[in-house]
Every structure is written in structure tokens, then in C-alpha cells.
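Novice: Pasting in a structure now, in C-alpha cells, and then I'll have a few things to ask.
The values are calculated or read from the model by the stated rules, or taken from the named source; none is laboratory data. The structure displayed is predicted, hence computed values, not measured ones. Ideal geometry is used to build each Cβ from the backbone, glycine not excepted, and the neighbour counts take in all protein chains shown.
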């Protein structure tokens, strides 16, 4: 009888290999908001080092193309978990898509405006052509322009620094962890008088966070908890083992044929980790603070009844 059960088990394994393998972990697709780079190191590490598997989860990181948003993956059901900017997520929530924040990595804003001419203050943006990324919330940009009574021609682009180097725009939006060091790597020494940081003008909005739909959270609260736990562990490991983390990052960028180098990815990782520290608490909390949430609401929906429809308790899980 025992031999019969053994043979029958082998038959089942042969006929239904996928069904049996799925029992060991719940399949989840996690989509970053951009192509492979150190900005998403914690998730690569959690997958590579088996932190997700230790929580009983089968998580795979799938990147979007340059022309796709991570939100489109969440909305279409191609991904269960995505990385999004806080401003982008709040605008989608205000538009009726019930997304919720389950983890916040970025605590400080990385956005900088770099001009070919000196930028004294935000009035220096008047009448200028400003290049901004496609994935950045237009509502945030419009609110800044309206608040300072600025007439600006926004030029949308996908990535890189060529639009700045070519002079196609007067001013270019860059990130402190990516495009800004790229300019330095090209031999450019950007004078501080040519730089405006969003954070210095009341727009210190936290950026990257992990998001799921409200329905997914409601149906899988324990799964979400385990995923967040493993993701935090991945980021902590990246901070404590930066050279080993870079090995994993470089494997990922090479696998996706991304043109970059270890030096740039090191600079990016160092800056991303710096931006994760909550200055008020002096540590990485991995949570969206009420202060960060309120800052975003204030800047995205000034004097707008919409802001009353998004409560911190409903948005942050």
C-alpha cells in the first residue's frame, strides 16, 4: 500500500507539476516604476537572497518599458504590487482608483531643476522651456506654476540628460540620484547658482513607495505584511552590504541590457539610501509619515475639496 501511494504521488507530480509547485509560494509580480537600476535594489536583493521565499511568497520583479507606467501594470492586473511616486499615487486615488500605500522608501525629495543660466529663485522659471519626465504628475507641476503665477512650456521626455546637453530646453528636471551625477560623469561642473531644489521651496514630497489596490490589500492582508517585511529586509541588507548589493544590481542591469556602469550605480545607491532616512526621526522608517502625506495633499490639492476625500488612515496601510 505504501508503495502504491509513492507511485501515485510521482504520477501526480508528473501530470500536475505547476499546481504542486504553486503551493510553496503565492505568485506575485512586483513592478518598479522604471527600468533596472540601483533605485530598486532592495527588491532585487529580497528576491535574489530568498527573503520573499522565506515568507512563503513567490515574488518576481518585472520592469516596465520606458513608455509604460508601473500604474498601468497595476490597473490592468499584470502586477499586484508596484513602485510609484506619492504624487502620482495620490492623483490616481483622487481620480477614483483605490490604490493604497503599503510601504514608503523615499522620505526626502530628490527633484532638482538645472538651468543653463543662473536660477535665482522660482521666478527665474518665468517663460522658460522646462523638460520634465513623463511619469511625473502634471498636477503637481501645474500647481507650482499657478502658485507662483508662472507661464511655463513643459517639455515631456522619457529619460537621460541629452535634452539638457543639447540645449533643447532652458531648464531640465533631474533626480539627485541619477541624472545629476550623470552630468558630473560627463565632465560638467554645475554651479550651485544654476540649481533649484524642490525641497527648498516647500515641495519636499516623499517619492517612491510600494502600492497595491485596496481590494488586493483587503483580500490578502497577511501576504502584504509578509511582502513588506521581506522588502524592508532587502533594503536593510543593501545598506549593510553595499558592495555585495552592487553585484546583484549589476547582474540585474546586465540581464536587462541597460547601459550603465558600477560607478554610477554606486553613486545612485548611496543617494537613494540617504533619501530613505527620515530627518525628523534620524532613521529609515519605511512608512509614509503623516507629515509627508499632508505635504503632498497641500501641494497637490490646495483649496480643493478633493483633498477631503483622501484620508491618511484610508490611504496608508
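Novice: Among the numbered conditions (1) free of Cβ contacts under 8 Å to residues at least 60 places away in the same chain; (2) under 21 Å from residue 208 (Cα atoms); (3) surrounded by fewer than 18 Cβ atoms within 10 Å (Cβ to Cβ), tell me where residue 277 comes up short.
Specialist: Tallying (1) free of Cβ contacts under 8 Å to residues at least 60 places away in the same chain; (2) under 21 Å from residue 208 (Cα atoms); (3) surrounded by fewer than 18 Cβ atoms within 10 Å (Cβ to Cβ), residue 277 fails exactly one: (1).
Novice: Does at least one position in segment 231-249 carry a residue that is closer than 19 Å to residue 63 by Cα and surrounded by fewer than 18 Cβ atoms within 10 Å (Cβ to Cβ)?
Specialist: There is at least one residue in segment 231-249 that is closer than 19 Å to residue 63 by Cα and surrounded by fewer than 18 Cβ atoms within 10 Å (Cβ to Cβ).
Novice: When you scan segment 47-112 for strands (runs of 3 or more DSSP E) that lie fully inside it, which ones turn up with 3 or more residues that are touching a residue at least 40 places away in the same chain (Cβ under 8 Å) and under 24 Å from residue 270 (Cα atoms)?
Specialist: 81-85, 99-104
Novice: For segment 75-82, state whether one or more residues are over 19 Å from residue 103 (Cα atoms) and touching a helix residue (DSSP H, G or I) at 6+ places or on another chain (Cβ under 7 Å).
Specialist: no
Novice: Let me ask something additional. Just the residues that are over 17 Å from the mean Cα position of the chain (by Cα) and either at pLDDT below 95 or outside any helix (DSSP H, G or I) (or both), please, taken from segment 211-254.
Specialist: Of everything in segment 211-254, those that are over 17 Å from the mean Cα position of the chain (by Cα) and either at pLDDT below 95 or outside any helix (DSSP H, G or I) (or both) turn out to be 220, 241.
Novice: Here's another thing I want to ask about it. Looking only at segment 94-111, how many residues end up being buried (at least 21 other Cβ atoms within 10 Å of the Cβ) and over 16 Å from residue 212 (Cβ atoms)?
Specialist: Qualifying residue count, segment 94-111: 5.
Novice: Could we say that residue 123 is assigned to a helix (DSSP H, G or I), more than 20 Å from the chain's Cα centre (by Cα) and surrounded by fewer than 17 Cβ atoms within 10 Å (Cβ to Cβ) here? Even if it seems obvious, please write down each step before you answer.
Specialist: Details: assigned to a helix (DSSP H, G or I): yes; more than 20 Å from the chain's Cα centre (by Cα): yes; surrounded by fewer than 17 Cβ atoms within 10 Å (Cβ to Cβ): yes.
Judged against the criteria, residue 123 is a match.
Novice: Considering segment 156-181 alone, what residues qualify as being under 22 Å from residue 34 (Cα atoms) and touching a helix residue (DSSP H, G or I) at 6+ places or on another chain (Cβ under 7 Å)?
Specialist: Those that are under 22 Å from residue 34 (Cα atoms) and touching a helix residue (DSSP H, G or I) at 6+ places or on another chain (Cβ under 7 Å): 157, 161, 172, 174, 176, 177, 178, 181.
Novice: Take the conditions over 22 Å from residue 139 (Cβ atoms) and at pLDDT 95 or above and apply them to residue 103. Does it pass? Walk me through it before giving the result.
Specialist: On the way: over 22 Å from residue 139 (Cβ atoms): yes; at pLDDT 95 or above: yes.
Answer is yes for this residue.
Novice: Further question: For residues that are modelled with pLDDT of 90 or more and either part of a helix (DSSP H, G or I) or surrounded by 12 or more Cβ atoms within 10 Å (Cβ to Cβ) (or both), tally how many sit in segment 299-317.
Specialist: Here the count works out to 7.
Novice: May I ask you to list pairs of residues, at least six apart or on different chains, whose Cβ atoms are under 7 Å apart, with the first in segment 281-292 being free of Cβ contacts under 8 Å to residues at least 60 places away in the same chain and the second being outside any loop (DSSP other than H, G, I, E, B) and surrounded by fewer than 17 Cβ atoms within 10 Å (Cβ to Cβ)?
Specialist: 290/312
Novice: Scan segment 150-159 and give yes if some residue there is within 30 Å of residue 94 (Cβ to Cβ) and part of a helix (DSSP H, G or I), otherwise no.
Specialist: Kept after step one, since they are within 30 Å of residue 94 (Cβ to Cβ), are these residues of segment 150-159: 150-159.
This time we only want the ones that are part of a helix (DSSP H, G or I), so: none.
No, because not a single residue in segment 150-159 is within 30 Å of residue 94 (Cβ to Cβ) and part of a helix (DSSP H, G or I).
Novice: Could you tell me which residue of segment 132-162 is modelled with the lowest pLDDT, considering only residues that are surrounded by 19 or more Cβ atoms within 10 Å (Cβ to Cβ) and more than 13 Å from residue 299 (Cβ to Cβ)? Walk me through how you get there before you give the answer.
Specialist: First, the residues of segment 132-162 that are surrounded by 19 or more Cβ atoms within 10 Å (Cβ to Cβ): 132, 135, 137, 140, 143, 152, 161.
Okay, now just the ones that are also more than 13 Å from residue 299 (Cβ to Cβ), so 132, 135, 152, 161.
Working: 132: 91, 135: 74, 152: 94, 161: 88.
Ranking the qualifying residues of segment 132-162, first place goes to 135.
Novice: For residues that are outside any strand (DSSP E or B), touching a strand residue (DSSP E or B) at 6+ places or on another chain (Cβ under 8 Å) and modelled with pLDDT under 95, scanning just segment 1-33, find the one that is nearest to residue 261 (Cα to Cα).
Specialist: Going through segment 1-33, the residues outside any strand (DSSP E or B) turn out to be 1-25, 32-33.
Now drop any that are not touching a strand residue (DSSP E or B) at 6+ places or on another chain (Cβ under 8 Å), which leaves 22, 24-25, 32-33.
Then keep just the ones that are modelled with pLDDT under 95; that gives 22, 24-25, 33.
Working: 22: 36, 24: 36, 25: 34, 33: 20 Å.
The extreme case among them is 33.
Novice: Of these, 228, 212, which one is more than 21 Å from residue 124 (Cβ to Cβ), touching a helix residue (DSSP H, G or I) at 6+ places or on another chain (Cβ under 8 Å) and touching a residue at least 60 places away in the same chain (Cβ under 8 Å)?
Specialist: 212
Novice: Every residue in segment 163-173 that is assigned to a loop (DSSP other than H, G, I, E, B) and either surrounded by 13 or more Cβ atoms within 10 Å (Cβ to Cβ) or touching a residue at least 60 places away in the same chain (Cβ under 8 Å) (or both), please. Walk me through how you get there before you give the answer.
Specialist: Narrowing segment 163-173 to residues assigned to a loop (DSSP other than H, G, I, E, B): 166-170.
Result: 168, 169, 170.
Novice: Taking segment 174-202 as the search range and keeping residues that are modelled with pLDDT of 90 or more and part of a loop (DSSP other than H, G, I, E, B), which one is farthest from residue 285 (Cα to Cα)?
Specialist: 178
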